[in-house]
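Engineer: Sharing a structure here in structure tokens format.
The values are calculated or read from the model by the stated rules, or taken from the named source; none is laboratory data. The structure presented is a predicted model; accordingly, all values stated were derived computationally and were not measured. A quick note on method: Cβ atoms are made from the backbone with ideal geometry, for glycine too, and the neighbour counts reach across all protein chains shown. Surface areas here come from the heavy atoms of the whole protein model, side chains and all, with no ligands, DNA or RNA. Shrake-Rupley method; radii C 1.70, N 1.55, O 1.52, S 1.80 Å.
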Amino acid sequence: MGSCGLQRSPAMVGVDPRLQGHPQVLPSFLYTVKIQDEQRVIPPCFYERHGGSQRNSVEALAANSHEESTKVFKSFDGTGLRDKEEEKGQLRGVLNARSRKPLLGKLPLMASVVSPGHTEAQSSPRGRYALHFLVQSGISYCIMITTGVESTHRYCFVFALGYLTACQITRVYIFDYGQYSADFSGPMMIITQKITSLAYEIHDGMFRKEEDLTPSQRGLAVRRMPSLLEYVSYTCNFMGILAGPLCSYKDYITFIEGRAYHRAQSGPNQKEAVLWERADPSPKAAVMHKLLVCVLSLLVHLTICSALPVDYNIDEKFLATASWPTRVAYLYVSLLAARPKYYFAWTLADAINNAAGFGFRGYDGNGEARWDLVSNLRIPQIEMSTSFKMFLDNWNIQTALWLKRVCYERASFSPTVQTFFLSAVWHGVYPGYYLTFLTGVLMTLAARAMRNNFRSYFTEPTQLKLCYDIITWTVTQVAVSYTVVPFVLLSVKPSFTFYSSWYYCLHICGILVLLLLPVKKTRKGETAHAVFQPSPCKKSEDRDGSPGRNSFPTTNSIASQVPGGGCRLWSPQQ
């Protein structure tokens with residue numbers, strides 16, 4: 001067995017190239033075997049060694065480890081764990097969909113036995129799941145046009161988020177627990193953001209008084225009900241159907257109508273508006289740069305991520321033998337290795353929008369075109385973050401703006417708690433999500449208190465500020481990694497195993513900080529929004545003193561920018 005290269009982690013693979021000589025066998029997923037408390041993937045070489053027969057492969061594996069093989073379970077198949085008769089009726093699965101327990105005396109179904117020319121995709125029901133997009137969007141539009149504008153935002157929010165949650169519960173707890181699979185709930189998360197954003201923008205533009213709106217709400221307000229074509233185009237357009245990112249309805253319509261390239265920008269005296277007279281800017285340079293980032297991120301993910309699994313942080317042998325510095329270092333590097341897959345997906349989505357001509361946000365002071373209207377992250381700022389806030393400002397930016405628009409600035413009490421809880425519900429129903437975001441509330445409030453009370457003492461001289469930045473970078477990266485471990489582990493038991501192995505030390509430190517340090521009272525429009533709002537102006541950068549602050553405007557919208565991109569809105573303070 002040693003020559004087969006058994007792996008500890010489940011594998012997600014298609015047809016192994018070595019099986020091309022056996023067209024009667026089409027492996028659609030793998031199984032793993034628990035041998036001496038270690039999960040091992042049944043490797044493709046078993047197929048080749050035993051003539052391409054899945055039955056012979058499993059029999060050979062069972063013969064080598066009959067007593068130790070106490071549990072056989074499927075490691076990847078989005079259609080769920082269930083007994084099923086294949087069309088040829090030759091093999092039967094060993095797992096029961098309800099109990100997920102092994103059926104003794106059976107052999108695991110490692111491959112679908114199909115006739116030549118038949119593929120798994122031909123029998124897969126997954127294509128029907130796309131109907132959820134139309135159902136969710138269609139019912140939400142009916143709510144918009146049939147209910148009054150004074151309450152349409154509430155009804156749309158409850159229905160869209162409730163429908164998404166129901167689908168996620170079905171996917172996770174019935175079909176696919178613990179698997180990161182590309183399924184219908186991902187696009188539905190983006191559609192839910194668009195539906196709820198549009199509903200609130202319609203409410204702001206057609207019901208609320210102008211003087212009651214914040215500047216960002218005023219700039220994004222929709223003054224007429226969209227037509228069905230406009231609505232479906234916005235919610236289900238091909239550019240953002242899979243990975244987004246979210247954009248405002250006004251920005252999308254501005255792009256569709258061809259008005260995105262003609263922006264007024266103030267001159268040097270900040271008084272007279274100057275219109276840039278030039279041809280439509282080309283996105284080629286921006287797209288090529290983002291595609292290069294995608295390639296590098298993908299390479300890092302494929303080469304490093306599997307070598308640094310996050311669940312090794314709770315490995316019993318590792319916890320028993322590793323020193324504390326080693327454990328802290330591994331925590332950081334394992335979560336660092338988990339980020340490139342997000343960099344890849346979000347940057348590719350941004351590049352797709354740019355390639356279609358969407359994402360132009362005017363020109364900078366040097367007359368260079370900016371293609372960051374729907375950008376979802378800023379990698380250098382993420383990796384060099386010296387505060388929890390700076391990390392959140394630059395991570396999943398469009399989702400942060402959505403949370404601010406539909407929850408944070410509208411919450412009547414505990415806006416931070418409400419917003420993090422909404423973020424957890426939107427992400428899904430795994431317990432790890434809720435543990436991460438509840439911990440995030442504590443870390444955010446504690447980090448804000450620390451920064452407000454101590455940063456002013458370390459701005460001068462330069463050497464002292466550099467020392468302060470190094471310390472805060474270290475603490476921030478460890479705190480972020482500590483916070484998001486349950487997000488990766490998903491389940492309750494491994495998450496609490498990790499936190500208990502750290503003796504809940506950062507939780508305790510956060511609580512002590514909030515109890516012992518004074519918290520500055522500020523107006524809701526300022527610090528309250530700071531958790532989720534990038535700073536748009538240069539003077540707030542200087543005040544914060546942090547390198548590489550996010551330069552996105554508050555609304556991140558070309559439709560609502562003042563000439564010159566000036567600071568017309570509040571800026572966050574900590």
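Engineer: So what is the relative contact order for region 301-346, in percent, with contacts set as C-alpha pairs under 8 Å and at least six apart?
Structural biologist: After rounding, I find 54 percent.
Engineer: So, one more: With charges set only on the Cβ (+1 for Lys and Arg, -1 for Asp and Glu), what does the dipole of region 128-262 come to about its Cα centre, in debye to the nearest 20?
Structural biologist: The calculation lands at about 100 debye.
Engineer: For region 317-332, in order, what is each residue's ³J(HN,Hα) by Karplus, 6.51 cos²θ - 1.76 cosθ + 1.60 with θ = phi - 60°, in whole Hz (x at glycine and Pro)?
Structural biologist: For region 317-332, the Karplus-derived couplings read 5, 5, 5, 7, 10, 7, 6, 4, x, 5, 5, 5, 5, 5, 4, 5 Hz, x marking Gly and Pro.
Engineer: Relative to a virtual label point 7 Å from the Cα of ILE470 in the Cα→beta-carbon direction, which members of region 321-341 show backbone nitrogen distances below 20 Å?
Structural biologist: So the set is 325-326, 328-330, 332-333.
Engineer: Contact order normalised by length for region 128-262, with contacts defined as Cα pairs under 8 Å and 6 or more residues apart; what percent is it?
Structural biologist: Here the relative contact order equals 28 percent.
Engineer: Pairs LYS284/LYS404; LYS194/LYS404; LYS317/LYS493; LYS290/LYS341; LYS341/LYS389: which exceed 20 Å Cα-Cα?
Structural biologist: Working: LYS284/LYS404 32 Å; LYS194/LYS404 14 Å; LYS317/LYS493 17 Å; LYS290/LYS341 14 Å; LYS341/LYS389 22 Å.
Check vs 20 Å cut-off fails for LYS284/LYS404; LYS341/LYS389.
Engineer: Just by accessible area at a 1.4 angstrom probe, what is the order of PHE454, PHE487 from largest to smallest?
Structural biologist: I get PHE454, PHE487, largest accessible area first.
Engineer: Remind me, relative contact order of region 317-428 in percent, using alpha carbon pairs under 8 angstrom and six or more residues apart? Spell out each step's value before the answer.
Structural biologist: On the way: 76 pairs, mean separation 15.0, N = 112.
About 13 percent, as a whole number.
Engineer: Could you please put LEU220, LEU445 in sequence from largest to smallest accessible area, using a 1.4 Å probe?
Structural biologist: Ranked list, largest accessible area first: LEU445, LEU220.
Engineer: Using r as the Cβ-Cβ distance of LYS341 and VAL135, and R0 as 30 Å, what FRET efficiency do you calculate, to the nearest 0.05?
Structural biologist: Calculated transfer efficiency: 0.55.
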